[in-house]
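Notes follow once the structure below has been shown.
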Amino acid sequence: MSAVSNPSSSSENPKIVVERNPSESSLSELNVKCWPKWACPPGKYRLKFDAEETCYLLKGKVKAYSKGASASASAPFSDFVEFAAGDLVTIPKGIRCTWDVSVSIDKHYKFEPSSSWASSSS
């Protein structure tokens with residue numbers, strides 16, 4: 001299976017992109033095993049991403065609800081993406097979301113440097 005995203009995405013409404021079970025060669029090319037690790041227990045976490053993050057989940061399960069998503073009887077939290085162990089996830093800069101972690105997370109991650117950092121030199 002390849003990337004999963006919302007087809008109505010635009011630059012004004014960035015979406016989390018999930019690649020299910022990427023190949024070992026893809027993970028090696030990205031050097032994922034050298035990225036820092038982060039873990040968290042089950043719970044709900046409000047997050048704002050100030051830089052694009054790419055992460056590879058070693059274990060766990062998450063439903064990420066976009067800011068503004070709300071529940072109703074007919075459409076409970078319809079604006080979310082779900083990812084779990086074995087998924088490679090790209091979270092765009094500027095997105096705000098709530099992570100509902102149902103199974104403890106253990107992941108490798110990296111942040112893309114901002115353009116001002118990347119272009120600065122001494």
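Looking only at residues in the stretch 37-50 that are assigned to a loop (DSSP other than H, G, I, E, B) and at pLDDT below 95, which one is nearest to V17 (Cα to Cα)?
For the stretch 37-50, the residue satisfying everything is F49.
What number of residues within the stretch 80-100 are in contact (Cβ under 8 Å) with a residue 40 or more places away in the chain and over 9 Å from K63 (Cα atoms)?
12
Mind checking whether some residue in the stretch 18-36 is crowded, with 17+ Cβ neighbours inside 10 Å, touching a Leu at 6+ places or on another chain (Cβ under 8 Å), modelled with pLDDT of 95 or more and assigned to a loop (DSSP other than H, G, I, E, B)?
yes
For residues that are of a type in the set (D, E) and over 12 Å from the mean Cα position of the chain (by Cα), scanning just the stretch 56-106, find the one that is modelled with the lowest pLDDT.
Applying the filter and picking the extreme gives D79.
The values are calculated or read from the model by the stated rules, or taken from the named source; none is laboratory data. This structure is a prediction, so every number in the text was calculated from the model and none was measured. Every residue, glycine as well, gets a Cβ built from its backbone with ideal geometry; the counts of neighbours run over all protein chains shown.
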